[in-house]
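Enquirer: Let me give you the structure first, and then I'll get to my questions.
The values are calculated or read from the model by the stated rules, or taken from the named source; none is laboratory data. Computed from a prediction, not measured in an experiment: that's the story for all the values here. Heads up, the Cβs are rebuilt from the backbone with ideal geometry, glycines too, and the neighbour counts pull from every protein chain shown. Please note that ligands, DNA and RNA were not included when accessible areas were found on the heavy atoms of the full protein model with its side chains. Shrake-Rupley method; radii C 1.70, N 1.55, O 1.52, S 1.80 Å.
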Amino acid sequence: MAAPRPYVLLSAAMSVDGYIDDTTPERLRLSDEEDFDRVDQVRAESDAILIGATTLRRDHPRLIVKSPRRQAERQTRGLPACPLKVVVTASGDISPDLRFFHSAGDRLIYCPEAVAPKLRDRLGDLAEVASAGASLDFGAVVDDLGERGVRQLMVEGGTTIHTQFLTAGLADEIHLAVAPFFV
């Protein structure tokens with residue numbers, strides 16, 4: 001019997017006019033401190049956090065639980081201080097120099113089968129690289145995460161990743177913060 005799929009929670013912030021980013025190279029901050037704290041709480045409650053490679057390259061996230069109290073609470077429950085950090089990439093174009101690879105937590109990268117050997121060579125022991133089929137199959141990714149014991153998956157994006165989860169019918173819940181300005 002297959003493990004159950006994780007509960008999938010999409011988390012995003014957008015402007016009043018519906019944008020989650022702009023065209024500048026800098027990260028657009030759409031959340032305030034209260035929302036950042038909410039995100040940290042949801043991260044602490046999740047078993048894994050997933051983003052796409054574009055978000056990884058552009059925003060340079062660490063994908064960690066920032067609150068020491070929340071980290072300690074996770075550890076009291078027998079969990080690592082930070083959830084599993086998951087990236088999905090079609091191209092495998094990921095630099096091992098990103099701070100994502102040099103911060104707390106285990107890392108798992110999903111990519112197409114043909115890309116996996118090259119990515120494994122590039123990343124070495126910085127992350128586990130797993131095939132997501134001939135092309136990126138998000139249902140297979142979610143199923144594999146369930147097999148790995150992930151009960152709640154927080155998807156932080158970006159746009160393409162959220163769209164893939166929504167169109168595949170894989171989202172169970174959406175957290176959406178709305179910034180009080182137009183992009």
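Enquirer: With only alpha-carbon pairs counted, each pair once and no self-pairs, how large is the Kirkwood hydrodynamic radius of region 91-183 in angstroms? Walk me through the numbers on the way to the answer.
Expert: Details: mean 1/r = 0.0665 Å⁻¹.
Result for region 91-183 stands at 15.0 Å.
Enquirer: Between GLU34, GLU173, GLU128, find the one with the highest GNM mean-square fluctuation for the chain; connect C-alpha pairs within less than 10 Å.
Expert: GLU34
Enquirer: For SER103, what charge total do you get from the other residues with a beta carbon under 9 Å from its beta carbon, if Lys and Arg give +1 and Asp and Glu give -1?
Expert: Once positives and negatives cancel, what remains is +3.
Enquirer: Another question, if that's okay. With a cut-off of 11 Å, note down the residues of region 37-58 whose backbone N falls inside the zone around a label point 7 Å from the Cα of SER67 toward its beta carbon.
Expert: Taking a point 7 Å out along Cα→Cβ of SER67, the residues of region 37-58 whose backbone N falls under 11 Å are 37-45.
Enquirer: At a threshold of 8 angstrom on Cα-Cα distance, excluding pairs fewer than six apart, so keeping six or more, what relative contact order does region 93-172 reach in percent?
Expert: Value for region 93-172: 25 percent.
Enquirer: Can you tell me, using C-alpha contacts under 8 Å and at least 6 residues apart, the relative contact order of region 48-95 as a whole percent?
Expert: 54 percent
Enquirer: Follow-up. Taking Rh as the Kirkwood radius, which is the inverse of the mean 1/r over Cα pairs, what is the Rg/Rh value for the chain?
Expert: On the Cα set of the chain, Rg over Rh gives 0.95.
Enquirer: At 1.4 Å probe size, with every protein chain present, just tell me what the per residue accessible area of the chain comes to in Å².
Expert: Details: 9410 Å² over 183 residues.
Each residue of the chain exposes 51 Å² on average to a 1.4 Å probe.
Enquirer: What percent does the relative contact order of the chain come to when contacts are Cα pairs within less than 8 Å and at least six residues apart?
Expert: Answer for the chain is 39 percent.
Enquirer: Within region 40-71, which residues have the backbone N less than 15 Å from the label spot 7 Å out from SER91 along Cα→beta-carbon, could you tell me?
Expert: 52-59, by backbone N distance to the label point.
Enquirer: Taking only the alpha-carbon positions of region 29-91 and ignoring solvent, what does the Debye formula give for the base-10 log of I(q)/I(0) at q = 0.18, 0.25, 0.27, 0.28 Å⁻¹?
Expert: Reported log10 I(q)/I(0), two decimals: -0.69, -1.08, -1.16, -1.20.
Enquirer: Leaving out ligands, DNA and RNA, what percent of the accessible area of region 38-97 is carbon and sulfur, probe 1.4 Å?
Expert: 52 percent
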